[in-house]
Amino acid sequence: MKMAKAESWIRSEDGDITVFVAFLMTALLAISALVVDIGAAYVKLSEVQNAADAAVLAAGTFLPVSSGDTETIERIYTTAKEYAAKNEYLDLTDDDISFSETNGRINRIDIDVDISIPTYFAKVVGFSRLNAPVSAAVGAVPTGSMSGVVPIGIHQSEITQAIENGQTKHLTLKYGGGGGSNGNFGFIFLDGSSTGGAPDFKRWMTYGYEGTLYVGQELYNRSGNVNSAVSEGCSYRLARCHHWNDGTHCNADHYVPGCPLVIMILVYENGGNADITVTGFAPFVIEGYTNKGEIIGSYVGSLFPSSDVEGDSFFGSVSISLIK
């Protein structure tokens, strides 16, 4: 009698174990299925994220742009979709792209997409798709550091007034004695010293300063004419502009950013322990020079140098970087 009861209990326990094992196997299969599909989804998310980053960085090269510049804005849409497609994401639309602006100037582009990834193994536990958002944003910030600067500058109040009044063409950038109100009346010692000679100025005027300058840096100024630096530097740059078949040089209306005629000058304020304090960088196109050591140039808005330092004010030179 006792033996029969024992056998009955064992059969009962066997049934419970079978149910438990079946449940455990189902759970393990479900977890394995989710792990496989989540892994595949992660790979897909990474691919789409890379495409979004590439698209927004390419579109960001047009920043900053006036909110009323419909032609450039259309190019932003086209460029973003083109670069997304190059990175194998073909579903980017205009609705996925948005802008942020300050004072009528677009300075940020966002790309936000929701992707839905079909599952394979996880369907057995009720997950037919995995949904996830992908975001990328790029912003244009004032450049806080710059190399290749020429040894001249313009006072912050003058460049600000010129931009606000729309009088940015054919300005006289002073390099020596004489009348006038634009630009700086002397060369700037870009290496931080307070003494130097014409060879330094000629080299910097011709090729740009080989070091890096920063917003907030204090520098010294030199009065007087150094006409040879102006004439040799400008002649060198003018002779190397061959971008237009009609024989004209780059100018404010059509220019190639890498052209030697596009120079970066300092924006400054007076004061500090030295003669000037750097507050920013402004791009100009050289249009000509005089025998008085003066250069005629036009402000050309935005260029896109790389910089690991953000400036405080916008003077035409910006850095583009991913925000998210």
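Couple of notes before you dig in:
- Additional length obtainable on full extension of the chain from Ser46 to Glu71, 0.36 nm per residue less Cα span: 5.8 nm
- For the residue pairs Lys169/Lys324; Lys169/Lys202; Lys44/Lys324, alpha carbon separations beyond 29 Å are given by Lys169/Lys324.
- Arg237, Arg108, ranked by accessible area, largest first (probe 1.4 Å): Arg108, Arg237
- Here the simple spin-label model places points 7 Å from the Cα toward Cβ, and for Arg203 and Tyr120 these points are separated by 6.3 nm.
- Applying 1/(1 + (r/R0)^6) with r as the Cβ-Cβ distance of Asp91 and Val256 and R0 = 41 angstrom yields a FRET efficiency of 0.75.
The values are calculated or read from the model by the stated rules, or taken from the named source; none is laboratory data. Just so it is clear, the model here is predicted, and its values are computed rather than measured. Virtual Cβ from ideal backbone geometry, glycine too; neighbours counted across all protein chains shown. Note: areas computed on protein heavy atoms with side chains; ligands, DNA, RNA excluded. Shrake-Rupley method; radii C 1.70, N 1.55, O 1.52, S 1.80 Å.
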